[in-house]
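The values are calculated or read from the model by the stated rules, or taken from the named source; none is laboratory data. The structure presented is a predicted model; accordingly, all values stated were derived computationally and were not measured. Cβ placement follows ideal geometry from the backbone for every residue including glycine, while neighbour counts extend to all protein chains displayed. All accessible areas refer to the heavy atoms of the entire protein, side chains included, with ligands and DNA or RNA removed. Shrake-Rupley method; radii C 1.70, N 1.55, O 1.52, S 1.80 Å.
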Amino acid sequence: MATTTDTDDAADAQKYEGSRVYRWLDDRLDLNDEFLGKAFPEDRYASFLLGEVTLFSFITLVLTGTFLGLLYRPGAESITYGGIAAEYAGKEVPVAFASVLRITYDIPMGMFIRMVHHWGAYLFIAAMGLHMLRVFFSGAYRNPRELNWIVGATLLFLGLVEGFMGYALPFDEYGSTATGIGFELAGGIPVIGETVKKLVFGGVWSDNASAILPRMFFYHVFLIPLILGGLIAVHMLLLIRQKHTEQKSSRDAEADVAGDDESVVTGVPLVPNQLAVTLIVFFSVLGALAFLAGLFPVQRLPLWGPNDPFSTPSGVAPDWYFMWVFGVLKIIPDFVPRAEFVGGVLVPGVVATVLALWPFIDYKKDAVHFTADPIERPPQTAVGVGAVTFVFMLSIDGMNATVANLLGPNVATATATHYLLYLTIIVPIVWALITYYVLKRGVERRESSNAMPSDDSDTAAAVSDD
Ligand code: HEM
């Protein structure tokens, strides 16, 4: 493992001596100074790259979103669509819907860029979730990184809100219906619900869409990305200030780098080593999104048509990352008072609060700069496995009608939902307990085998006796 010590600086200088470009840059930028020489975990820890994947998805979203934002028109009033999409040519459709049809079918490269944006949003949320799990299971949230965990949890929450706002913008029947569910939930918050609806959004979805769409457009293209960008900058500054956690290896005997001792920093420098890896991650993200956008374009507009205030289509579901909230709403029993508020706001709110405050639940008084091995932490890993299973189960609950269909033609959705409720409580607990006991036995075994004298020492003892 490389270390950014003076000896290594000298070795680096020698290594790159031949490179004129490196020397030219080094003369001007002092590549081995504190920032550019910042040590990154070695690239064999691939899961450390998930944060970068998230970052590059965000950058891609901003770039493609800027293109879309220049052409999109937020309005619910009717207009005649004059483009080439045969199904709607010459027909009256809402302004927002017409502008998205235009981007998709009439503007060169429009469909591709829109689809990169669509898949970029999925990758952003998925990579962020996986990055969070990496941080959770490796215990990287512990002292002194609690604050960065909270910044991250806020980013996750805002990322979901950003996705929600974007879903509604094309004003198609599918997105509008899903958005309507979110609006009803917001309106159901005791005391402030109606005020939130009026003040933040300007009315009742979708009756007052002419007032709501421009507001959502402003939040989606300007306000939330600005806050996200600012928080990402804070996240990165904290990361640079506190440095990455490192994986413990035999070289870093705990005695060498104990507690809060930051003097020994291992890893590869930002420039040029990490930069090369980062560029590979960046172009891989772009390549993956271009591949998905080109081969799997999602065509909701022609399938569902523009928003129709007089119909409620069946089969509408939120995007996958909101499916778990939809699941809570589906399984919440009727006897629960204010079920919509409890299921749609209170339960997700409690989950989000526990998540954000987790570093204080699993609190560490002393600073830890090493990653933890999940296998060595049965309680925390069990909680993580239980939580992931819970969210998976809730997402399955969100598809309760499909589950009933899969179980057989005579299985009513209500019956399937009833059993899903029990399974949603039992399955995560069972998985958490299995994880806990299996890992605990492993830890105990390792401890007892470490305590036993090894065969070698027996032999050594026998030889010396002789
Ligand atoms: C816009 C969303 C986010 C971006 C762009 C982002 C980016 C990054 C990057 C590039 C790193 C360093 C590389 C790595 O460890 O993977 C990092 C580290 C970190 N992130 Fe995030 N992240 C985001 C969201 C989150 C979330 C949702 C959480 C947790 C709730 C989180 C918690 C952390 C922590 C605690 C570290 C330090 C880890 C360590 O030192 O090992 N981040 N983030």
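Quick look at the values:
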item	result
Local electrostatic count, HIS117, Cβ distance below 14 Å [Lys/Arg +1, Asp/Glu -1]	0
Helix-only CD estimate at 222 nm, as mean residue ellipticity for the chain, using -39500 (n - 2.57) per DSSP H run (n ≥ 4)	-19500 deg cm²/dmol
Per residue accessible area in Å² of region 319-450, where ligands, DNA and RNA are left out and the probe is 1.4 Å	59 Å²
Unit Cα scatterers, Debye sum, the chain: log10 I(q)/I(0) for q = 0.06, 0.11 Å⁻¹	-0.36, -1.05
Counted charge near SER311, where neighbours are those whose Cβ lies closer than 13 Å (Asp, Glu -1; Lys, Arg +1)	-3
Whole-percent carbon and sulfur share, accessible surface of region 319-450, 1.4 Å	70 percent
Shape metrics for region 319-450, restricted to C-alpha atoms - Rg then Dmax, Å	18.4, 59
Helix 110-137 vs. the chain, principal-axis angle (Cα, 0 to 90°, nearest 10)	40 degrees
Residue among THR402, PHE326, PRO428 farthest towards the positive dipole end of region 319-450, charges placed on Cβ	PRO428
Accessible surface ranking that places the most exposed of THR413, THR312 first, with a 1.4 angstrom probe	THR312, THR413
Charge dipole (debye, nearest 20) of the chain; +1 at Cβ of Lys and Arg, -1 at Cβ of Asp and Glu	1680 debye
Listed peptides 134-141, 426-433 by packing density, highest first (mean Cβ within 10 Å)	134-141, 426-433
Restraint check, LYS91/LYS330; LYS91/LYS198; LYS330/LYS364; LYS197/LYS330, Cα-Cα greater than 26 Å	LYS91/LYS330; LYS91/LYS198; LYS330/LYS364
Under 12 Å, Cβ to Cβ, from TYR174 - net charge with Lys/Arg +1 and Asp/Glu -1	-3
Once the Cα gyration tensor of region 86-229 is diagonalised, semi-axes √(5λ) in Å	32, 22, 11
Chain lengthening between ARG300 and THR312 when straightened (0.36 nm per residue, less Cα-Cα)	2.7 nm
